[in-house]
Amino acid sequence: MSENLADRMPHLGEQYPGVRFVPVPMKGAELREEYLEAEAMFRSAMDEDLFDRIVDGAPKLSWVQIAAAGFDWMGGPALERRLGEGLQMTRSGNSFNAPIAEYAIGTMISMARQLPDYYRAQQEHRWARYVGRDFAGSTVGIFGTGAIGQEVAWRTTALRATALGVSRSGRPVDGFAEVHPSSSLAEVLPRCDFVVLAMPLTPETRHMFGAEQFAGMKPTAVVVNVGRGALIDDDALISALTSGQIAGAVLDAFVDEPLPADSPLWGTPNAVITPHTSFRTDGNDVRLCTDFCVNLDHFLAGRPLVGTMKEPALGY
């Protein structure tokens, strides 16, 4: 397992006395024979080359769990080959849903009440007073109706706003007032006061939000991206924010991370940037460990694993 996970979960050895847990350094590690004896792996940060060599050379390796909500950052010929041979890969499906949803709700309310403007006024020692917007009564378009989207939806509804879902299929999902297929994007966007991007990155969703989509939004609309940076065409977003075509954007995911210091996004008006941190809270380790232990119990008992890819052909 990744060294950082081993350091944070030292009790696993006592909890599973029949399992040998071998920490793998995150950087600068050489391939060791004991890594190639692995039957399972719990992976967080790890040297990519070393990971590929373990996957390629560990004949008994049959399961990899990642400490992440999505699969799109994983790749390489060795992994692709082993997946084709039956290697199972699972995600930590319940570890980050709640904190990401809380981030989305918190940032929407912050933007509605113009907290970024108040912060700027404070830095300038100005006694500025703004008229905020009610979150209650607003309409929130949630793009992606999976676990994260559902967590955003019920919180939205609890605050007396309307949650509209958009998914690939458009199938009804509990917690949403309506769910529409992604083909109905142009009809849904004009209704939304807030747009939350919580869908996986696939060939279909890459740059799903560009100039045409921003032009179809309300001028008071705010976009919150807790998905992947490439869901948005950055140039189109910068243009929409600079021209006032939309009111604001909260961005927690970017194509290049860390976001380069010379990126124009840093200085774009009404853009709030956070360093891919929407999932980071003090409860993560407990949830990550629980997700892993559920699957480890299944693995040891020969039962089906949870958190596998729903659409392997699309990478999620």
Of all the residues that make up segment 133-152, how many are of a type outside the set (A, V, I, L, M) and either open to solvent by 80 Å² or more (accessible area, probe 1.4 Å) or touching a helix residue (DSSP H, G or I) at 6+ places or on another chain (Cβ under 6 Å) (or both)? 6
Would you confirm whether or not segment 117-137 contains a residue that is out of contact with any Leu (no Cβ under 8 Å at 6 or more places or on another chain) and closer than 27 Å to Asp291 by Cα? no
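Conditions tested, residue by residue: (1) aromatic (Phe, Trp, Tyr); (2) in contact with a strand residue (DSSP E or B) (Cβ under 9 Å, 6 or more places away or on another chain).
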{"position": "Pro17", "(1), (2)": "no, no"}
{"position": "Ala29", "(1), (2)": "no, no"}
{"position": "Glu33", "(1), (2)": "no, no"}
{"position": "Arg43", "(1), (2)": "no, yes"}
{"position": "Phe51", "(1), (2)": "yes, yes"}
{"position": "Pro59", "(1), (2)": "no, no"}
Residue list for segment 103-122, filter: closer than 16 Å to Val272 by Cα, open to solvent by 40 Å² or more (accessible area, probe 1.4 Å) and part of a helix (DSSP H, G or I): Ile109, Leu115, Tyr118, Tyr119, Arg120
Is it the case that segment 104-119 has a residue that's modelled with pLDDT under 95 and either more than 19 Å from Ser2 (Cβ to Cβ) or in contact with a Cys (Cβ under 7 Å, 6 or more places away or on another chain) (or both)? no
Restricting to segment 14-57, what's the tally of residues that are over 26 Å from the mean Cα position of the chain (by Cα) and either closer than 17 Å to Thr290 by Cβ or aromatic (Phe, Trp, Tyr) (or both)? 6
Among the residues of segment 170-197, write down those that are within 20 Å of Val224 (Cα to Cα), over 21 Å from the mean Cα position of the chain (by Cα) and among the small types (Gly, Ala, Ser). Ala177, Ser184, Ala186
Give the residues of segment 222-240 that are open to solvent by 20 Å² or more (accessible area, probe 1.4 Å) and in contact (Cβ under 8 Å) with a residue 40 or more places away in the chain, sorted by residue number. Arg228
Scanning segment 183-196 residue by residue, those open to solvent by less than 40 Å² (accessible area, probe 1.4 Å) and over 10 Å from Ala221 (Cβ atoms) turn out to be Ser184, Leu185, Val188, Val196
Condition first: assigned to a helix (DSSP H, G or I), over 17 Å from the mean Cα position of the chain (by Cα) and buried (at least 18 other Cβ atoms within 10 Å of the Cβ). Now tell me which residues in segment 271-293 satisfy that. Cys289, Phe292
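Here is a yes/no grid of residues against (1) within 24 Å of Phe42 (Cα to Cα); (2) among the hydroxyl-bearing types (Ser, Thr, Tyr):
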{"position": "Ala261", "(1), (2)": "no, no"}
{"position": "Thr268", "(1), (2)": "no, yes"}
{"position": "Ala271", "(1), (2)": "no, no"}
{"position": "His276", "(1), (2)": "yes, no"}
{"position": "Asp282", "(1), (2)": "yes, no"}
{"position": "Val294", "(1), (2)": "yes, no"}
{"position": "Leu300", "(1), (2)": "yes, no"}
Take segment 222-253 and flag every residue that is part of a helix (DSSP H, G or I) and among the polar types (S, T, N, Q). Ser239, Thr242, Ser243
Matching entry among Trp154, Trp127 (being more than 23 Å from Gln213 (Cα to Cα) and within 23 Å of the chain's Cα centre (by Cα)): Trp154
Suppose we filter segment 1-44 for residues that are farther than 22 Å from Leu305 by Cβ and among the aromatic types (Phe, Trp, Tyr); how many remain? 0
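The values are calculated or read from the model by the stated rules, or taken from the named source; none is laboratory data. Predicted model only: the values in this text are computed from it and were never measured. With ideal geometry, Cβ positions are generated from the backbone for all residues, glycine too; neighbour counts draw on all protein chains shown. Side chains included, ligands, DNA and RNA excluded: accessible areas come from the protein's heavy atoms. Shrake-Rupley method; radii C 1.70, N 1.55, O 1.52, S 1.80 Å.
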